[in-house]
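Quick notes on the structure that follows.
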């Protein structure tokens, strides 16, 4: 859970900017993209992500103006993107003016259990990331470009200049996520080789000692 407003606001700034970039890449035609008729369309997921800011925050004593119904879905992608920006800004302003760090420790009823406000804020970020992932899949199916979030996307890998711009606009947390994704496998490979060597060395030592004892 988050224990300070500053910590959450820094994380939210990065996450909200990532969501905003995806929403700005949507087109009016792409809003009807779906996997099957039984699943939500790209537009429905996008609009739900907008409305969820107020829907989830309404479990607390925060008050601010933002869309609070995720149906019906707007028909224009620009309206969805603009509404997200407005909802995010209003949410941030409410946090800054209505809460203090101590408020994060206060417990509320949420989905049948008691949780601190700091945990609800973490849930909000996780919920947003969950639906952002769904959107990227449908955006690919709709033929739209997808920007990287925690690392470069296929398009950014293909264009070094875009990849450079990606790194320049990242917050520190996002940058380290990128480093982990790109460089982590090398560390994993090294540690795997080291572990294999140590295992072999120990087994050989034990076996040699056993042979000496047996004599």
List the number of the failed condition for residue 87; all other conditions in (1) at pLDDT 95 or above; (2) outside any helix (DSSP H, G or I) hold. (2)
The condition from (1) farther than 29 Å from residue 54 by Cβ; (2) at pLDDT below 90; (3) not in a helix (DSSP H, G or I) that residue 166 misses is numbered (3)
Considering only residues that are more than 15 Å from residue 97 (Cβ to Cβ) and in a helix (DSSP H, G or I), which ones fall in the range 53-80? 53, 54, 55, 56, 77, 78, 79, 80
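Quickly run through the range 7-52 and pick out the residues that are within 21 Å of residue 100 (Cβ to Cβ) and without any contact (Cβ under 8 Å) to a residue 60 or more places away in the chain. Show your work before the answer.
Narrowing the range 7-52 to residues within 21 Å of residue 100 (Cβ to Cβ): 7-13.
The answer is 7, and nothing else.
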From the residues in the range 97-122 that are under 18 Å from residue 54 (Cβ atoms) and under 22 Å from the mean Cα position of the chain (by Cα), which one is surrounded by the fewest Cβ atoms within 10 Å (Cβ to Cβ)? 111
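The values are calculated or read from the model by the stated rules, or taken from the named source; none is laboratory data. Not measured: the values here are computed from a predicted model. Virtual Cβ from ideal backbone geometry, glycine too; neighbours counted across all protein chains shown.
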